[in-house]
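The values are calculated or read from the model by the stated rules, or taken from the named source; none is laboratory data. Predicted model, so just to flag it, every value in this text is computed and none were measured. All Cβ positions, glycine included, derive from the backbone under ideal geometry; neighbour counts span all protein chains shown.
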Amino acid sequence: MAKTAMTHTRITPEIKAEAERIIKGLGLSISAAHELFYRQIITHKGLPFDLRIFNEDSIQAMDEARKGVGKKYNNVTDMFDDIIN
């Protein structure tokens, strides 16, 4: 099948330059990368990555984990025991 369809997008120049640098580093053309992205959308029946809006509890937990703060457990069993009780 001939490749004749075109897409057109507007993005910031910095995002475009960085993405193109990475794509070219992978040995792909920009067109090939776009087609791979579209094929992944088709395969996943949606975007090929999760989009999430985290609630405040999740944000706090992630921030604490990054800082090494919060509860620590010796093993998974201890963690689940604490969660259940």
Of all residues in region 46-85, which are more than 21 Å from the chain's Cα centre (by Cα) and either polar (S, T, N, Q) or within 30 Å of residue 36 (Cβ to Cβ) (or both)? 74, 75, 77, 85
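Listed here are the residues, each with its yes/no results for (1) surrounded by 11 or more Cβ atoms within 10 Å (Cβ to Cβ); (2) touching a helix residue (DSSP H, G or I) at 6+ places or on another chain (Cβ under 8 Å).
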{"residue": "4", "(1), (2)": "no, no"}
{"residue": "16", "(1), (2)": "yes, no"}
{"residue": "28", "(1), (2)": "yes, yes"}
{"residue": "52", "(1), (2)": "no, no"}
{"residue": "60", "(1), (2)": "yes, no"}
{"residue": "71", "(1), (2)": "no, yes"}
{"residue": "85", "(1), (2)": "no, no"}
Residue check for residue 50: under 30 Å from residue 3 (Cα atoms) and at pLDDT below 95: yes
